[in-house]
Structure formats: structure tokens, C-alpha cells
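For reference, the structure is listed below as C-alpha cells.
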Amino acid sequence: MRTMAPHDMQARRLRLAELTSGLGAGVLGLGIGVLFGGLLGGLGLPILVGGLVMHTRGMADKHRLENARGAPSLWWSTLLYWICWVFLGALAVYVVARALAM
């Protein structure tokens, strides 16, 4: 069994920490939405658009920085990146269509 270099272990732990943080933020946001749904009822669309813009900017910047640093491109990471873009695009189409139907 090959042992992992300390740098590789740190990189994996960093990615796990980023994933855990991101998922935690999502669950936190869901919890806030559930708790304050009545108060935030009319703000759903602006909050959704704000989150969409922030997530898109953050992921695009992270991807650009990793490429500039020469980080190896993992097939599953690239796949998830593009699945996310497709999902965000579909969500944007849905939001615009729903706003036009109102």
C-alpha cells in the first residue's frame, strides 16, 4: 500500500473541509428558511437569485484559481462542475419563466 505524501493529505483534507462547509451552509440556509418561512415569504425570488449569483461567482473563481495553480483535473470534479452549471442554467430558465407568468 502506497502512503500518501503530507501535501496530498492536506489537499484532500482541505477539499473535505470545503465540502463539509458548503453542505453545512446549505443545511443552515434550509433551516433558516424553514424557521422564518412566514417572515421571508415574499423574498424567495430575490434570495434565490442572490444565492445563485454568489454560488456561481464563487465556483467559477475557485475553478479558475485551481486551473491557474496547475492543480490536477479530476474527471468527477469536472463532471460535478458542469452538472452544477446545467442545473443553475435550468434553474435560471425556470425562475425567468415563472416571473414572466406572474
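In region 3-17, the residues that are open to solvent by less than 100 Å² (accessible area, probe 1.4 Å) form Cβ pairs under 9 Å with partners that are modelled with pLDDT under 80, at six or more places apart or across chains, as follows: Ala11/Ala71; Arg15/Ser77.
When Leu88, Leu100, Leu30 are screened for being out of contact with any helix residue (DSSP H, G or I) (no Cβ under 7 Å at 6 or more places or on another chain), surrounded by 10 or more Cβ atoms within 10 Å (Cβ to Cβ) and part of a helix (DSSP H, G or I), only Leu30 passes.
Residues checked against (1) open to solvent by 50 Å² or more (accessible area, probe 1.4 Å); (2) part of a helix (DSSP H, G or I); (3) out of contact with any strand residue (DSSP E or B) (no Cβ under 8 Å at 6 or more places or on another chain):
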| site | (1), (2), (3) |
| --- | --- |
| Leu52 | no, yes, yes |
| Thr56 | no, yes, yes |
| Arg64 | yes, yes, yes |
| Ala71 | no, no, yes |
| Trp76 | yes, yes, yes |
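Tell me, please, whether a residue that is of a type in the set (Val, Ile, Thr) and part of a helix (DSSP H, G or I) can be found in region 1-9. No, region 1-9 contains no residue that is of a type in the set (Val, Ile, Thr) and part of a helix (DSSP H, G or I).
The values are calculated or read from the model by the stated rules, or taken from the named source; none is laboratory data. Source: prediction; values computed, not measured. Cβ sites come from the backbone with ideal geometry, for glycine too, and all protein chains shown count toward neighbours. Note: accessible area is taken over every heavy atom of the protein model, side chains too, but ligands, DNA and RNA are not part of it. Shrake-Rupley method; radii C 1.70, N 1.55, O 1.52, S 1.80 Å.
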